[in-house]
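Asks: Have a look at the structure that comes next, please.
What follows draws every value from the coordinates through simple rules; no lab data is involved. What you see is a predicted model, and the numbers here were worked out from it, not measured in a lab. Positions of Cβ are generated from backbone atoms using ideal geometry, with glycine treated the same way; all protein chains shown enter the neighbour counts.
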Amino acid sequence: MYNRIMLGSLIFSVAIMTQQDIKTGSAFPLWSGGGPFAKGTGENDIPTLTPFLPEKRTVSAIVVCPGGGYGMLASHEGHDYAEYLAMHGISAYVLRYRLGSHGYRHPAMLADAQRAIRTLRSLGYKTVGIMGSSAGGHLTGTACVHYNFPAYDLKDDIDKANCKPDFGVLCYAVTTFDPPFGHAGSGDNLLGKNATAEQKALMNLPSLVNKDTPPCFLWSTTEDTGVPPENTLAFADALRKNKVPFDLHIYQKGGHGIGLLDKAPYVNAHPWAADLLYWLKANNWDK
């Protein structure tokens, strides 16, 4: 499973890792000796990356953020996405970020995403994107609009790297917590049930898009009642108004959380997967 930590992998120092140290399926921690906001030293307190690597080394990589309402991590939106990308020659790293169900609140999740992007840059990847579904899509969008927000104190050489993603992939993403289309449960897990209007406004992603937001691939379905496609449409409209390149797909079929709708070798994957590969190739992010 992508979210399993091998204790032996926690011994080496993250700061001196190279691509030669990375092995497909072996999770490694984002911080050695614990990270910011840590409430303990258990598995749920240690954010990790799990690599899925193609046979040929690449200069581009994608951080994959599973969905789960900031309360759990859905394997089919983490492991399966990364496996699919690697099978098509793209390096992917599944991020196990900290969760509201384990007592964490913003900005811990954003700290994990920013650190993950910086870690991949420190490993030598020239292009680093971020991808996520549902609440993982919200984290992806947050990383795209809040890359200048200091989510944690910078302390080591990895933190010298840029945390702005080169592109984002938002899959049936939560982009607001406000009614009538917002996902309140994700908001409660991220900010707490007593979050102020100001705190919620800082997580209303469409309102935070500007001309410097990275290009995005976005998709949803008309059958999604869990996180209605208005979330995706609002984010896309904000990108359009700010002249940020984007690729938008609203498919007819598929409810919330469908993922790829298939397992390896993913020959019957939902059409969004092939459309994403086309978009990555068109922008030279598949190398």
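Asks: Report the residue, chosen from R240, R105, R115, that carries the largest GNM mean-square fluctuation when the chain is represented by alpha-carbon nodes joined by springs under 10 Å.
Replies: Sorting by GNM fluctuation, first place goes to R240.
Asks: Turning to a different aspect of this structure: Compute the whole-percent fraction of alpha carbon pairs in segment 159-287 spaced more than 21 Å apart.
Replies: The answer is 47 percent, as a whole percent.
Asks: Tell me, what HN-Hα J-couplings in whole Hz come from the Karplus equation 6.51 cos²θ - 1.76 cosθ + 1.60 at θ = phi - 60° for each residue of segment 152-159, using x for Gly and Pro?
Replies: 7, 6, 7, 9, 10, 5, 4, 6
Asks: Return the long-range amide H neighbours of A173 (sequence gap of 5 or more, or a different chain), with a cut-off of under 5 Å between placed amide H atoms.
Replies: For A173, the qualifying residues are S134, W219.
Asks: Going by average Cβ neighbours within 10 Å, how do the peptides 38-46, 222-230 rank, with the highest at the top?
Replies: My ranking of the peptides, most packed first, is 222-230, 38-46.
Asks: Further question on the same structure: Which lysines does K253 reach when only Cα atoms under 27 Å apart count, and residues fewer than 8 places away in its own chain are ignored?
Replies: The reachable lysines, counting only those whose Cα sits under 27 Å from K253, are K263, K281.
Asks: Counting helices only, and only those DSSP H runs with n ≥ 4, report the 222 nm mean residue ellipticity of the chain as the sum of -39,500 (n - 2.57) divided by its residues, in deg cm²/dmol to the nearest 500.
Replies: Computed mean residue ellipticity for the chain: -7500 deg cm²/dmol.
Asks: Right, another one. Tell me, in nm to one decimal, what length is gained between A264 and K56 on full extension, where the rule is 0.36 nm per residue of separation less the Cα-Cα distance?
Replies: 72.9 nm
Asks: Could you give the spread of the C-alpha atoms of segment 123-210 along their three principal axes, from largest to smallest, in whole angstroms?
Replies: Computed over segment 123-210, the largest-to-smallest principal extents equal 42, 27, 23 Å.
Asks: For Y104, list long-range residues whose amide hydrogen, built 1.01 Å from N in the peptide plane, is under 5 Å from its own amide hydrogen.
Replies: Under 5 Å from the amide H of Y104 lie the amide H atoms of L99, each far enough along the sequence or on another chain.
Asks: Gaussian network model of the chain, Cα springs within a sub-10 Å range: biggest mean-square fluctuation belongs to which of A61, A195, A273?
Replies: Highest fluctuation of the listed residues: A195.
Asks: At 0.36 nm per residue, minus the direct Cα-Cα distance, what do Q252 and N210 gain on full extension? Give it in nm, one decimal, please.
Replies: In short, 12.2 nm is gained.
Asks: From the square roots a ≥ b ≥ c of the eigenvalues of the alpha-carbon gyration tensor of segment 61-282, which class results: rounded (a/c under 1.5), prolate (a/b over b/c), or oblate?
Replies: In terms of gyration-tensor shape, rounded.
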